[in-house]
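Below is one structure, written out as structure tokens, with a few remarks after it.
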Amino acid sequence: MIKKIMMWLLANYFLTRYLVFNDDAATPTCVCAIMNQSSIEPLIEQEFPNKMGCDETGKLACRKLCTTLAEVTKQSGNGAQILCQQLMRDAIVTVNLFSKVCDAPFEHTGIQYEKPVCCENGSVCNVTTTQS
């Protein structure tokens, strides 16, 4: 329980330090994306305003945000279920986490699920029972 609370506090600290939540279209963006191991197209994307900019500092801040959010989701114990609910289709996914700032290409964050996640009807399923 304490570990989950600490992860939540860490995520909130990072969000308030590096991000500004506003509707200004000119604000540089940070995008976190989940991609399948065999694909270069994002399965799921989440965009955040990023006050750190589009340079290397902005890239690092964005990568830290994406990896922190992934770690918090992992620690919650329901990351696979969240993935399946957001994916909205049946698939077997080898999850890889990517990030990008502004118009730069996606870069792998170094985070990859060890095992494939099977999604069927918005829920986690057994990998051996479903084909993609």
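Where a number appears in this text, it was derived from the coordinates with a stated rule and is not lab data. Predicted model only: the values in this text are computed from it and were never measured. We place every Cβ from the backbone using ideal geometry, glycine too, and count neighbours over all the protein chains shown.
Results, tabulated for the structure shown:
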item	result
Dipole magnitude of segment 35-132 about its Cα centre (Cβ charges: Lys, Arg +1; Asp, Glu -1), debye to nearest 20	220 debye
Virtual spin-label span in nm between residue 71 and residue 27, 7 Å along Cα→Cβ	2.4 nm
Length added when fully stretched, residue 60-residue 121, from 0.36 nm per residue minus Cα-Cα	18.4 nm
Residues residue 94 and residue 51, FRET efficiency given R0 of 25 Å [Cβ-Cβ distance, rounded to 0.05]	0.15
Spin-label pair residue 41/residue 108, simplified geometry with 7 Å Cα→Cβ offset, distance in nm	2.1 nm
